[in-house]
Every structure is written in C-alpha cells, then in structure tokens.
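> Here's a structure for you.
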Amino acid sequence: MRTFTLPGTDLVVSDVILGLMRIWDKTDDEIRALVRAGWEAGVNFVDHADIYGGGVEHRCEERFAQALKLTPAERSQLIIQTKCGINLAENYFDFSAQRILTQVEGSLKALQTDHIDILLLHRPDALVEPEEVAQALDQLHQQGKVRYFGVSNHTPNQIELLKTAVTQPLIVNQLQFSIPHASLVTAPLTANMAVLDQSIDRDNGLLDYCRLHQITPQAWSPFQHGFFKGSFIGDRENFAALNDVLDRLAERYQASPIAIATAWILRHPAHWQVVLGTTRPERVQAACQGSEIRLTRPEWYELLKAAGHRVP
C-alpha cells in the first residue's frame, strides 16, 4: 500500500480508506475481520459519519469502538475521519455552530476517543453562515478535539464562501467518483463542444480547484455507476465493454478487476484517496492491490472510453 503525507498536515495516509457506513448491523467479529483486512493490506485510515447507522445517529461509530476496543497505541496508528452537517431525523442540512459542536461531542463519545483526526462538513448547507462554521471549527481545534478539517460534496464557490470566515485549512473534499461516474474529468475533455451532453460542466472545475488549492479529493462509491445504482464491476448487461477491459487488464497485472478500478482513480495526478464501502474483507484486500498498480496513460484512457465517455 502506498502512503503519502496529506497536504497541509503531518498525517501519513494510505491511498485507500476503509469506509464504515454499513457496519451498524455487523457482529464484533465481522467488524474486527473487516478492519483487520484493511490493516493487513496497509490501510491506516477509516471513514465515518454521524448519520451512519441504519437510521440511528452515531451507531456505526459506536459499533466500531465497541468491536475494536483500541488501545492508546493502536489509536495513535489509526487516522479516524468523521462527518457532520446532516440532520438525519428531519432530513435537512445544518452547519450551525451549535449543531457542529453537538455532533462532534456525540462522535467523540461514540468513537471512545478524545480527538478526531479529520472532520468533514458533509453535504453543503444552503443556509450556511461562514462565521458560525468558523466559530465551531476554531473552538474544536483549540480544544484539541479535532486536528484537521475538510468538506464533502462541495463546489469551489461553496468552499470559497466558507473561507470568507473559516481560517482553519480545508484539506479534503470527499466526492462521488468512479470510471462511469466521472464528470469531474470528462466534462473538461469536451469543453466548448456544445453538441455533447458530456461537455456540460456540472462540477464547476472542481477537480482543478482541488489541485490548485492542495485539497485532497477522496472518492466515495468508487465502484458504483450512479447514486447507489449498483456496482459496474461484473455488470455485463450495462457495462460489457468496460468489464472486458477490466478483465483484460486484471489478467495483465495479475490482479482483480476491482484492483484495476481502484488503480484507475489513483492514477490521476490529483492524488485521490479511494473510500471503500464494502463489508467483505476479501473485497477490501482485492481493492487494495490497486494501490500498487500504476496504469499507463493509454490504459487509463481505454478504461474511460470503454465506460462510454467521449475522448474527441
């Protein structure tokens, strides 16, 4: 597993992140096996959110802590990221200072830790008041409860708006990204080609913005072809050409198709991290193989075209 120092921090992080949004109904043994599979593959980073838990706030965070019972030494070796900003019970977004502070306290208690390494603001709040966000983030940082901050699913202007008051560096943006779900890279390829739907910029130059400002992008749903529409890997009804290329490259690199799909994201020079959502240890280990594979430029573009994207 390759690692790198997250820009703007002293955190040495793995290319791959273990996402834990689906562990709320797993046994302690199943959770331990999942985390162990990641750890043995070199993953030192886990991702949570206060809303993960099958409808119960902080449930996945709590199950993680109950199952792992981390010693201080083990905790020091693991980077824990969580998110806040979604009111699950009433289905709206809330970046008020009180909400952020309350939810972080809940996460700290559930995770049985005295600090969170990275806190992300989950989905953008249309009623955001940057001064309130700044107040909460400053307080959390000064109290030692959160080391670093970032966002999730935010556009460049939404980040710039936050930065009118927020002085804490925003070091991460977690975004949906996969080979089929790739408008972040495909729209710029066909810029100024009005006849193509692909040329519509739905992301406001977001990936270039992240690179310009040293914000690390993290890919969620890296094997989904839409908003929780299912995996494209092995889906020959909808993605036959793509799976043909995945299978051929998997054979060439003596890896699995899921490793090739991971390697495709990691090949991009924005230096993505890939957030795995699986609860199957064997899939974690297979995906992690992608960290060691560096696709060639022709291979990267071949996969892009096989997914149906236009390279004019």
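> Restricting attention to region 279-312, and to residues there that are farther than 30 Å from residue 60 by Cβ and small (Gly, Ala, Ser), which single residue is surrounded by the fewest Cβ atoms within 10 Å (Cβ to Cβ)?
308
> Taking into account only those residues within region 187-220 that are in contact (Cβ under 8 Å) with a residue 24 or more places away in the chain and charged (D, E, K, R), which is surrounded by the fewest Cβ atoms within 10 Å (Cβ to Cβ)?
Ranking the qualifying residues of region 187-220, first place goes to 211.
> For residues that are surrounded by fewer than 21 Cβ atoms within 10 Å (Cβ to Cβ), in a helix (DSSP H, G or I) and free of Cβ contacts under 8 Å to residues at least 40 places away in the same chain, tally how many sit in region 32-58.
Of the residues in region 32-58, 2 are surrounded by fewer than 21 Cβ atoms within 10 Å (Cβ to Cβ), in a helix (DSSP H, G or I) and free of Cβ contacts under 8 Å to residues at least 40 places away in the same chain.
> Quick check on this structure: which one of 168, 135, 103, 158 is touching a His at 6+ places or on another chain (Cβ under 9 Å) and farther than 20 Å from residue 9 by Cβ?
Sole residue among the options that is touching a His at 6+ places or on another chain (Cβ under 9 Å) and farther than 20 Å from residue 9 by Cβ: 103.
> State the number of residues belonging to region 98-119 that are crowded, with 23+ Cβ neighbours inside 10 Å and of a type in the set (Lys, Arg).
Looking only at that region, the number is 0.
> So which of 82, 102 ends up being within 23 Å of residue 162 (Cβ to Cβ), in a strand (DSSP E or B), at pLDDT 95 or above and among the β-branched types (Val, Ile, Thr)?
Every option except 82 fails the conditions.
> Related question: Within region 159-186, how many residues turn out to be more than 30 Å from residue 78 (Cα to Cα), polar (S, T, N, Q) and crowded, with 17+ Cβ neighbours inside 10 Å?
Looking only at that region, the number is 2.
> Could you tell me which of the residues 149, 95 is part of a loop (DSSP other than H, G, I, E, B) and buried (at least 19 other Cβ atoms within 10 Å of the Cβ)?
Among 149, 95, only 95 is part of a loop (DSSP other than H, G, I, E, B) and buried (at least 19 other Cβ atoms within 10 Å of the Cβ).
> Just need a number here: residues in region 119-150 that are in contact with a Pro (Cβ under 8 Å, 6 or more places away or on another chain) and without any contact (Cβ under 8 Å) to a residue 40 or more places away in the chain.
Matching residues across region 119-150 total 1.
> Return the total of residues in region 210-259 being assigned to a strand (DSSP E or B) and either β-branched (Val, Ile, Thr) or over 16 Å from the mean Cα position of the chain (by Cα) (or both).
2
> Based on this model, can you work out whether residue 43 counts as out of contact with any Gly (no Cβ under 7 Å at 6 or more places or on another chain) and farther than 26 Å from residue 100 by Cα?
Numbers: out of contact with any Gly (no Cβ under 7 Å at 6 or more places or on another chain): yes; farther than 26 Å from residue 100 by Cα: yes.
Yes: the conditions hold for residue 43.
> Would you mind stating whether residue 273 is surrounded by 20 or more Cβ atoms within 10 Å (Cβ to Cβ) and touching a residue at least 60 places away in the same chain (Cβ under 8 Å)?
yes
> Related question: Which residue pairs have Cβ atoms under 9 Å apart, sit 6 or more places apart or on different chains, and have a first residue in region 3-21 that is touching a residue at least 40 places away in the same chain (Cβ under 8 Å) and surrounded by 15 or more Cβ atoms within 10 Å (Cβ to Cβ) and a second that is among the acidic types (Asp, Glu) and part of a strand (DSSP E or B)?
Taking only residues 6 or more apart or on different chains, the pairs are 9/117; 11/117; 17/47; 18/47; 19/47; 20/47; 21/47.
> Please enumerate the residues belonging to region 286-301 that are touching a Ser or Thr at 6+ places or on another chain (Cβ under 9 Å) and assigned to a helix (DSSP H, G or I).
Within region 286-301, 286, 287, 288, 289, 290, 291 qualify.
> Among (1) outside any loop (DSSP other than H, G, I, E, B); (2) crowded, with 18+ Cβ neighbours inside 10 Å; (3) small (Gly, Ala, Ser), where does residue 73 come up short?
So residue 73 meets the others, but not (2).
> Go through region 3-31 and give me each residue that's in a strand (DSSP E or B) and in contact with a Gly (Cβ under 8 Å, 6 or more places away or on another chain).
Within region 3-31, the first condition is being in a strand (DSSP E or B), and the residues that meet it are 3-5, 12-14, 16-19.
3, 14, 16, 18, 19 - these are the residues of region 3-31 that are in a strand (DSSP E or B) and in contact with a Gly (Cβ under 8 Å, 6 or more places away or on another chain).
> Give region 171-212 a look and list any residue that's more than 21 Å from residue 13 (Cα to Cα) and among the basic types (Lys, Arg), or say none.
Listed by number, the list holds a single entry, 202.
The values are calculated or read from the model by the stated rules, or taken from the named source; none is laboratory data. Computed from a predicted model, the values in this text were never measured in an experiment. Heads up, the Cβs are rebuilt from the backbone with ideal geometry, glycines too, and the neighbour counts pull from every protein chain shown.
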